[in-house]
Every structure is written in C-alpha cells, then in structure tokens.
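Just so it is clear, none of the values below were taken in a lab; they were calculated from the coordinates. Remember, predicted model here, so these are calculated numbers, not experimental data. Cβ placement follows ideal geometry from the backbone for every residue including glycine, while neighbour counts extend to all protein chains displayed.
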Amino acid sequence: MSLKSISLTHPTKAISGTVQLTGSKSESNRALILEALSQGLVRIENLSEAADTVIMQQALQQAQDTQATHKTIDIGPAGTAMRFLTSYLNLANGSFTLTGTERMQQRPIGILVDALRSIGADITYEKAEGYPPLRIVGGFQQTADNLRIKGDVSSQYLSSLLLVAATLEQGLTLNIEGELTSKPYVSMTLDMLQEAGIKHHWSENSVAIAKQPFLETTIYIEPDWSAASYWYSIVALSDNGHIILPGLKRNSLQGDIAIADIMQHFGVESRFEIDGLHLIKTDNISTEKLFDFKECPDLAQTVVALAAGLKRDISITGVETLKIKETDRIAALRQEISKFGAELITDGDIYHLHTAGVALSEPLTFDTYEDHRMAMAFAPLALIFNNITINEPMVVEKSYPLFWEHLKSQGFKIVE
C-alpha cells in the first residue's frame, strides 16, 4: 500500500490481446476451507494469487498449529475470511481471537454468530456487540441441527455454515428467512461441496447437509469473473476492442458471469472459444434502463462507473449489501462520479444515475476508500478522460494483484 497514486492514460484507445486472469477468489477461499476440513483429501489447482486468498491460507495454517493453545488470527481487510473462519474455528483445537482492520471491526457479524451460538458454539465479542473481534472456543459440542438465518444480508453467512455442515456431528439444516441475496454464491458453495463428495438437499427455503465424509478429489479453480468485469468495461470504452480471457467457462459456478449478459447492453459481445472467452466491441447497444444486481452486487461499481463515463442514464437495484462492504460502496460511487458531473439519486431501493451534467473535464483524481473494486471500476475511464489519477492504487492486491501490469500490457501508460 506504499504507492500513493498513479496517473493513467491510453494514447491509442485500441485494445487487443490475451490476458490470463488469476483464479477466482470466491472459489479459492471455499476450496481452502474444504481442503482444511478434509485433512488434505481435497487438493486445489490454480489457487488465486489475491491477497485475500493468501490471508485465508495463512490463517488456516495458523489455526492448525498445535503449539499454542490460544491464537490471535488477524485477517486484516479480508471479509470472506472473517465470515468463513467464524464457523471453521469452532471445529479447530484451542481458542482463538479472530480480528481484522478497523473497517472490519465495523462490519456486522452478529447474524452468523447468533446462528452458530444456537447450535452450541462458544463465541463472545471482545469489543462491540455484533462486531469483530470475536473470541471463539474450538471443539464445540453441537446442541442442535436446525437453525434459522436471514438470507437478505450476506450470502457469505450461509456459505460459512454450509461449508462446515458435513463435519458437524449432527449435520445441519439451514432455514433461510426472507429473500436470498447473491443466490449464485450459495449455489457455488453447494456445487463445490458436491465436487468434494458432500451431498445436500435444497427444498424451497431449506438446505440440509447430513454428517458425511469428504472424498479424495482435486478442485480446479476457474479464473475470476469479477476480474473479467473490468475487461468488459475496458472493451466497452475502447475505440476498437477485442480481448481474450483464457479459462473462463460458459457454465461457471460464479455469479459474476452475469457480467456477460449485462455488457451485451453496452455493446460487448461474449464468444466462448477453445482458446478462451473473447470480448468483442460491437455497435449493438441496447436502451435497457434498469439493472438488478441482487445476485451479483460486486459488479455494480463497474457498471455504474462505465455508464457514467458513457453518459448513459441507468437505474440499479439489488445493491443494499454494498453499504457494508470494504467501504459504503454506494456513498463512494456517488462521491467519485460527482467529480465529473454524474449523480446517483436514491429512490427507495432503486438508484438512478443521471449523466446530463457529465463533462469530460480533466485532470480527474479518484479516491479508492481502501476498496479494491473502486480502483478497478474507475481505472477504465482513462480511455475517455485524457488523464486520470488513482489514489492508493495498490488496494487491487486484495483480489487482482496483477491488474496494473495487465493494463500496461494493453497499452495503458501508468506513471507513479
């Protein structure tokens, strides 16, 4: 995080070539929990290079260390690691303090803690009620096999519980209350469990997993569709764009494959070929106004920044969870697009993007709010604004460490 800012330009506005994306962070973090729970029966190929995944790997190694009886595990800004470890550590030996950055200590965890307590977990709060740091006593005795949990706050709470369910003495049945947010991520968890030999039964709002053993298997991690979303934006903003992303699958487990459908409306065609996914700029741009991100909230920043830059008025919904991410992403988006005259207006649970006031003024400096997705969503705007500056650019290490190098390979000029 030592690099304070970079300036970006793109002299030709032409994009062409192949970019090899890192493995999916979402798949990698789930696979690491499965590897740990299976005691090595589950092996992993193409693990993500993202900082969040490195943090998860190190935390699991620390948890399995038999030398210390009490361990403090600091996961920094890694939200997925916080949620998944909150369940996993109950099954490990010893006691733990699970903590993170100042922002992580402002992100709620109470719904997951309450669910775990209801089946016998010994978890207490070391500071504010409902928030990290947590004190967790491992080796808990399960007292119930059935729990109720809200589905409209974070799908990671559900995935956290589902990942450990087959290891619990009584198994586990989750009864999901209300609408399920980011359903594809729950489906991803269940599909990866199935790859590792763990069967489930999903009926209406109930998911049941019995106690059962893992099978020996190798899980191959697909490249990251979230990372791909920034290349869609780059192609959409280019004068002439054609990018190949090897390894991405038409039948992906990742919910962010929704970007392929969304970006059709912005003139980017997706072709799945033998050598990878081809992103091709076209003139086929729709007049679609409303985009629902309920099942893919991590794509919202990319699409809003793109639409603002293109002076295209759209409305978005399904983004309430963005307020409890690395930053309040709605507030951050609103602030940054205002710098070139765009507005994001709240209308209940719908947000309207107004671009009548957009001016291609320069220079522009964008702040990143300790949020990797803010940096990567706004960087493509260097294709339409002649010179932009990104503050704290190394936040990208959280999910896509090679992002700036990959931009350089496609003709972006980056100056520290």
Sorted largest first, the Cα spans of the chain on the principal axes come out in Å as 61, 47, 42
As straight-line cross-link partners of LYS281, the qualifying aspartates and glutamates (C-alpha separation under 17 Å, not fewer than 8 residues apart within one chain) are ASP239, ASP261, GLU269, GLU273
Once ASP275 and LYS408 are pulled to full extension, the length gained, defined as 0.36 nm per residue separation minus their Cα-Cα distance, is 45.7 nm
Once amide hydrogens are built 1.01 Å from N within the peptide plane, the residues lying 5 or more places from SER315 or on another chain with amide H under 5 Å from its amide H are LEU290, PHE291, LEU353
Karplus ³J(HN,Hα) for the range 259-267 (6.51 cos²θ - 1.76 cosθ + 1.60, θ = phi - 60°; Hz, whole; x = Gly/Pro) runs 4, 4, 6, 4, 6, 4, 6, 10, x
Ranked by GNM mean-square fluctuation in the chain (Cα springs under 10 Å), the top entry among SER206, SER159, SER233 is SER206
Expressed as a whole-number percentage, the relative contact order of the range 25-220 with C-alpha contacts under 8 angstrom and at least six residues apart is 21
The distance between the Cα centres of the range 42-110 and the range 364-382, in whole Å, is 27
The ³J(HN,Hα) series, computed from each phi in the range 181-187 with the Karplus coefficients 6.51, -1.76 and 1.60 at θ = phi - 60°, rounded to the nearest Hz and given as x for glycine or proline, is 7, 6, 3, x, 6, 5, 4
Projected onto their principal axes, the Cα atoms of the range 25-220 stretch, largest extent first, over whole-Å spans of 38, 36, 30
For the range 152-162, in residue order, the Karplus 3J(HN,Hα) values (coefficients 6.51, -1.76, 1.60; θ = phi - 60°; whole Hz; Gly and Pro = x) are 9, 9, 8, 5, 5, 4, 5, 4, 4, 6, 5
Share of Cα-Cα pairs in the range 8-99 beyond 22 Å, whole percent, is 36
Where a ≥ b ≥ c are root eigenvalues of the Cα gyration tensor, a/c under 1.5 meaning rounded, otherwise prolate if a/b exceeds b/c and oblate otherwise, the range 213-271 counts as prolate
Taking the chain and counting helices only, DSSP H stretches of n ≥ 4 at -39,500 (n - 2.57) each over all residues, the nearest-500 ellipticity at 222 nm comes to -8500 deg cm²/dmol
Filtering trypsin sites (Lys or Arg not before Pro) in the range 87-193 by DSSP loop and by at most 15 other Cβ atoms within 10 Å leaves LYS127
So the angle from the long Cα axis of helix 225-237 to the longest Cα principal axis of the chain, reported in degrees to the nearest 10, equals 10
If the chain between GLN58 and THR18 were fully extended at 0.36 nm per residue, the gain over the current Cα-Cα distance would be 11.3 nm
Counting only backbone N atoms under 15 Å from a point 7 Å out along Cα-to-Cβ of SER286, the residues of the range 247-261 in range are 258-261
Full extension between THR69 and GLU320 adds, at 0.36 nm per residue less the Cα distance, a length in nm of 86.4 nm
Straight-line reach check, LYS323, cutoff 19 Å on alpha carbons, 8 or more apart in-chain or any other chain, hits among lysines -> LYS150, LYS183, LYS294, LYS398
dims of the range 128-211, Cα set, principal axes, largest to smallest, nearest Å -> 34, 28, 20
For ILE75, the residues 5 or more places away or on another chain with a placed amide H closer than 5 Å to its own amide H are THR99, GLY100
